[in-house]
Structure formats: C-alpha cells, structure tokens
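Asks: Quick one: this structure, given as structure tokens, is what I'll be asking you about.
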Protein chains: 2
Amino acid sequence: MTDDAHDPYDPRAFHDALAAHGLIVPTAVKGGWGRGAVFEDILERFDALVMRGAAGDGAEAFTFPPLIAREMIERLGYLDNFPQLIGSVHSFFGADAVARELSQRVHDGQRWDDLLEPTGVMLLPAACYPVYPLFSGLLPDGGRLVTTRNWCYRHEPSDEPTRLQSFRMREFIRVGPPAQVEAWRDDWLQRALTLLRGLGLAAASDVANDPFFGRAGRMMATSQREQRLKFEIMVPVISATRPTAICSFNWHQEHFTSTFGIRCADSAVAHTACLGFGLERVVLALIKTHGFDTAAWPADVRTQLWPA
Amino acid sequence: MTDDAHDPYDPRAFHDALAAHGLIVPTAVKGGWGRGAVFEDILERFDALVMRGAAGDGAEAFTFPPLIAREMIERLGYLDNFPQLIGSVHSFFGADAVARELSQRVHDGQRWDDLLEPTGVMLLPAACYPVYPLFSGLLPDGGRLVTTRNWCYRHEPSDEPTRLQSFRMREFIRVGPPAQVEAWRDDWLQRALTLLRGLGLAAASDVANDPFFGRAGRMMATSQREQRLKFEIMVPVISATRPTAICSFNWHQEHFTSTFGIRCADSAVAHTACLGFGLERVVLALIKTHGFDTAAWPADVRTQLWPA
C-alpha cells in the first residue's frame, strides 16, 4: 500500500510522498533530485543482487566517469539520431579581461554562454558507450562479456519522478559471433524477467524503440521494431496504462563492431548486444509496488535484497 | 616497490604501469580513464573504512547526480572565481531542418556548437555544493552534519594520472555555530592524518589555497592562506618534491550561510566547513606507496581495507 491511495498513479503525489519519506531530496534541477540513504541502500542492494546472479558469467568489470570524448559521440552517429538528448560540455578558455566581462554579465543577469567554447567531452548518454572501443581488433574465441555501471545523461528535464536527466545504469555488454550474441540477449531477457518478477514486480517485456529524433527518426524507430532489435521490461510506476521501462535490451548488430574494427577470432563479422537496468527506476518500481517503508516489504523480497 | 624503478616519480611511467596492470583503462578523454575492478575495489574499501570510522558521528547521508542547477553556480560566485574549471551543459533545442544541418556539419567535420543552447544545468564542481541549500532556514540546536559522495568535474584535461577531469569526492559538511564548526575542522584534520598515515601513506598537512582565476585570483588566494581557511593533506604520488593533495578542508565561514539564509537555532550567524577525500587520488597514493599488486600490500593495511 502506498500513501497516495486517492490516485495510486499520480506522478506528482508519488514525487511528494518520496520526498516526505526522505527517500529523495528535491533540488533546483528537474530530474536531478538527491537520493537519501534508504534510497541508495535499495539501489545498492538491487545492484548487488544482479551481480550475485551474474557472478558465474565471469564478466570483466569497468567503471567510467560520466563523460565521453566528443569525437566518440560524433563517430557513433548519436548526433544524427538523438541530438535532443545530448549534453555538450563547454568551458571558459579566455584571459583576464574576458573573465571580467563574464563575471559582470553573470551579476547583471545577462546571458554569458557565448563567452564559452566546447571542451573535448560530452556527457555520457549510455553506460555501455565507453566499452566498445576496448574491443577493437580481433576478439578472443567466443568473444567477450563486460559489465559496467555508470551515470548517464539525457536532456529531458521533467518533474515526473521516473524521468531523470541523470541516472545510473548497470549494463552487461556481449560481443562475439552473431548467433551467440542473439542467444545471449534472448537468455538474459528471460533471466531479467525472472529476477524482477521474483521481487514482486508486475514486469512484462515488449518490443520497443529508441527515441529517434524527428521525421527521419520515425522510420528508424519503425525499422528497429520490425527487426526486433530493442526490448524493454516495463512495470507500472507512475501510470497504470503506460508502464515505465526499467530494463532494456539492445542488439546493435554491426553498429559498433564496424565503427571500431572489431572482428571475431576467425576474422568473421562480430555483433554486439547490451542490456541495462535503470537502477533508479528499479528502486522507484520497488517502492511503488511495496510501499515507502522497506521494513514492511514482503519477507521474500527482503531476504533477496538484504540476505543474512 | 613499483615497476617504474628507474624513476619512481615519472607520471607517464606511472600511468602506463597502472594500465599494464589493468588498474586503469585508457580512453579518448584526458583525465577520464576507466577504472578496472581492482581499482574500484580499493576505492570502495577505502570509502567504507572512512565511513566505519565516522559511523559514531551520525552524519545524514545524501547522494547527488553529477549535475547542479546553473543558477546555483551563478549565485555562488563560482564564475567569478573559477571560470576556467566550469563545465556548462549545452544541448540541441531545434526542429527537423536545424537537426539536418547539425548532422551535415558533423559529417563534414565542421563546428556545430553554435547550433546548441545552454541547458539549466552545469557539471557539479564540488561534491558538497548541492548540500548547502538543504540547510536553508533555522538550524536545529548544534547545527547539522551531512556526508555525501558524488562525481565532480574540473576542466583540467591532462595526461598526468592524478589530474582528472572527473572524479569522486567523499565529503563531510558541518554547519552550525562558528566555534563548533572550526573545532570540527581542526579535529577532522587530525583524524584524517591519522587515518591516512595508518594506511602507510607519507601524509603531511599544510595551509593551501583554491585555484582562483587570474590577477584578482592571486589576491583571493593570498587572503585565503592568511586566514588559514583551506588545508590540504598531501602524499607524494607523481613527484617527490610536489606531493599530491588527497584530502582538503575548507572553512567557508559565512559564504554559503549568507547565500542560502542559514542561521543557528538562536538566530545567530552560522558557519560551514567541509572536508573531502579525493577518492581516486587516495587509491593512486595507496598503489604508488604499496605497489600494483594489492595481495602484496602490508598486512596491517590489508586488514584495515579488507577486514575479515
């Protein structure tokens, strides 16, 4: 049971109840609230549960800062497909006189962004992007499996509590022979459903598409759906009829392997696929499903997240 | 013993040895390398050691995304003092036709930054910044103590392995009556020295200054030193004669409390101070001091970081 019983799917009421219970802390950033200690504990416990379940897979683990080289974003076609979501990092390269003008404009409430220049970095849009260049060249037999957990940015400022500008993704990335990569994706779709349903979540999977920009983007989205290249696992969090994606699966085929010159051990074409848990969204789905007081969550959920 | 015995303080050799041992993974971002599993394990273990030592202090814990509201950076005077370090986040707000131009320019290798507009956010320059607005209004008796660990950005691209554009800080922030805040800072300076020396680090503290910009900045730096408002704890990592700061202490006096209307329970003036461990730098100092193989680290260091 949740506190907003008058409308169990009112996003505003859910946000306010999360704040009232100290689970989140509002900030001046839309979709950039602070996380309280209990929220973080749930997030870390869920991530640890995922990692325990995947321990036998032997994934190599890396962690990356929330940045990516500008040239990577340019090479990967991200600006063709998702320009509306980018975060381009700009800074000040000027000398004393221009710095005084910058300071004066800030104090006068005038715009000052034209005094900046782009840096060599952009914000990381997906946790897996820094991984693909590591695969460059010939792969070992059977390919590779990597896991990474990083902060991602999407320029989507919103008051809707599951729509974050900045959030953490736990990803697994598989590279290797196409049939093995597809089988790995299919297997993980079932594993993730079992894991999430085992935590009491009303999780369902479906074919999905990325939010490609504009008119050309609609064709990209249709093609992606027709080829069944993207799946999402969804749970009702802020709407009964429009469930929230908490886990997604992308089969990139040759998109990354052709860009970074990645080939199988026998020089044949390699494919990549990835899956990612949106960690904040999983936490919100758990809270929405089981309530604001973790001590009152069902015993079988508690024993999985907080094992003895 | 380290592998680069020919010059134990050669930054390039240290970077290459870190990569050769899989502790870090080079990326296309200067000061933005990936962290391997062992590097992350050391970092998490050190952070856990700090948190165990501070458990009795009862700090409230919050986690924030690596972003901050643009208006916060403007209000806090950061653009007066450190414009060279900022990361301003810009994105694309245009329609189809402009998106096609953006795409074309990217493919033609032309600049495209003038097609962007600033967003409402900037990169977080210091882990503690999102905490101060939480204190607005009248404080409880004795003030408050908060801890937070966040990713910070500084526009300082460099190949020097301890000079990162993006890194994590574990901070403690104290707000309350000025004498209590100063005593807390003094006490923590000794606690941190004891903790770091207990891990075998050749740690020494000294008065320091922030990297204020330009000519006016030199006066700010001198004043900060004269008032002993900033201390750093340093360890030799990439130079024997210029040790690297791995922990810093800032006494802000009324800087934040006046901006955010923070007053003591009796309505008197409140001060703030903070201390922060630069977590990646602590890890690098430990590796430099004890070697690239954690299994061979001194037993008393291992038992503290990896308790039974």
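Asks: Could you please find all residues in the range B:74-94 being under 20 Å from A:Val29 (Cα atoms), surrounded by fewer than 19 Cβ atoms within 10 Å (Cβ to Cβ) and within 8 Å of another protein chain (Cβ to nearest Cβ)?
Replies: From the range B:74-94, those under 20 Å from A:Val29 (Cα atoms) are B:74-79, B:86-93; that's our starting set.
Then keep just the ones that are surrounded by fewer than 19 Cβ atoms within 10 Å (Cβ to Cβ); that gives B:74-75, B:77, B:93.
Matches in the range B:74-94: B:Glu74, B:Phe93.
Asks: Right, another one. Looking only at the range B:54-61, decide whether some residue is at the interface with another protein chain (Cβ under 9 Å from one of its Cβ atoms), touching a Leu at 6+ places or on another chain (Cβ under 8 Å), in contact (Cβ under 8 Å) with a residue 12 or more places away in the chain and farther than 30 Å from A:Gln104 by Cβ.
Replies: There is at least one residue in the range B:54-61 that is at the interface with another protein chain (Cβ under 9 Å from one of its Cβ atoms), touching a Leu at 6+ places or on another chain (Cβ under 8 Å), in contact (Cβ under 8 Å) with a residue 12 or more places away in the chain and farther than 30 Å from A:Gln104 by Cβ.
Residue by residue, here is whether (1) more than 25 Å from B:Gly276 (Cα to Cα); (2) free of Cβ contacts under 8 Å to residues at least 24 places away in the same chain; (3) in contact with a Phe, Trp or Tyr (Cβ under 6 Å, 6 or more places away or on another chain) holds:
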position	(1), (2), (3)
B:Glu117	yes, no, yes
B:Met122	no, no, no
B:Ala126	no, no, no
B:Tyr132	no, no, yes
B:Phe135	no, no, no
B:Gly143	no, no, no
B:Val146	no, no, no
B:Tyr153	no, no, no
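Asks: What residue, of B:Phe92, B:Phe46, B:Phe64, is among the aromatic types (Phe, Trp, Tyr) and within 30 Å of B:Trp297 (Cβ to Cβ)? Explain how you work it out, then say what you get.
Replies: Numbers: B:Phe92 fails: within 30 Å of B:Trp297 (Cβ to Cβ); B:Phe64 fails: within 30 Å of B:Trp297 (Cβ to Cβ).
Matching residue, one of B:Phe92, B:Phe46, B:Phe64: B:Phe46.
Asks: Restricting the search to the range A:185-199, which residues are surrounded by 17 or more Cβ atoms within 10 Å (Cβ to Cβ) and either touching a helix residue (DSSP H, G or I) at 6+ places or on another chain (Cβ under 7 Å) or of a type in the set (Lys, Arg) (or both)?
Replies: Result: A:Arg185, A:Leu195, A:Leu199.
Asks: Scan the range B:163-186 and tell me whether some residue there is of a type in the set (S, T, N, Q), outside any strand (DSSP E or B), in contact (Cβ under 8 Å) with a residue 40 or more places away in the chain and under 23 Å from A:Thr63 (Cβ atoms).
Replies: Restricting attention to the range B:163-186, the residues satisfying the condition of being of a type in the set (S, T, N, Q) are B:165-166, B:180.
Then keep just the ones that are outside any strand (DSSP E or B); that gives B:165, B:180.
Still in the list and also in contact (Cβ under 8 Å) with a residue 40 or more places away in the chain: B:165.
In the following step, the residues that additionally are under 23 Å from A:Thr63 (Cβ atoms) were identified as B:165.
Checked the range B:163-186: at least one residue is of a type in the set (S, T, N, Q), outside any strand (DSSP E or B), in contact (Cβ under 8 Å) with a residue 40 or more places away in the chain and under 23 Å from A:Thr63 (Cβ atoms).
Asks: Let me ask something additional. Need the failing condition index for A:Ala97 against (1) closer than 25 Å to A:Pro157 by Cβ; (2) more than 7 Å from every other protein chain (Cβ to nearest Cβ); (3) assigned to a helix (DSSP H, G or I), just the number.
Replies: Result: A:Ala97 fails condition (1) only.
Asks: Next question. Going through A:Ile73, A:Ile68 one at a time, which residue ends up being part of a helix (DSSP H, G or I) and over 20 Å from A:Val282 (Cα atoms)?
Replies: So the residue among A:Ile73, A:Ile68 that is part of a helix (DSSP H, G or I) and over 20 Å from A:Val282 (Cα atoms) is A:Ile73.
Asks: If a residue must be in contact (Cβ under 8 Å) with a residue 40 or more places away in the chain, buried (at least 16 other Cβ atoms within 10 Å of the Cβ), polar (S, T, N, Q) and not in a strand (DSSP E or B), how many such residues does the range B:224-258 contain?
Replies: 1
Asks: Within the range A:14-37, how many residues are surrounded by fewer than 18 Cβ atoms within 10 Å (Cβ to Cβ) and of a type outside the set (D, E, K, R)?
Replies: 7
Asks: Then there's this: List every residue pair whose Cβ atoms sit under 6 Å apart, with the two residues 6 or more apart in sequence or on different chains, where the first one lies in the range A:17-36 and is more than 14 Å from A:Asp159 (Cα to Cα) and the second, anywhere, is assigned to a strand (DSSP E or B).
Replies: A:Gly22/A:Gly36; A:Leu23/A:Gly36; A:Arg35/B:Thr63
Throughout, read-outs are computed from the coordinates displayed, never taken from laboratory work. Please read all numbers here as calculations on a predicted model, not as lab measurements. Glycine gets a Cβ as well: all are built from the backbone with ideal geometry, and neighbour counts include every protein chain shown.
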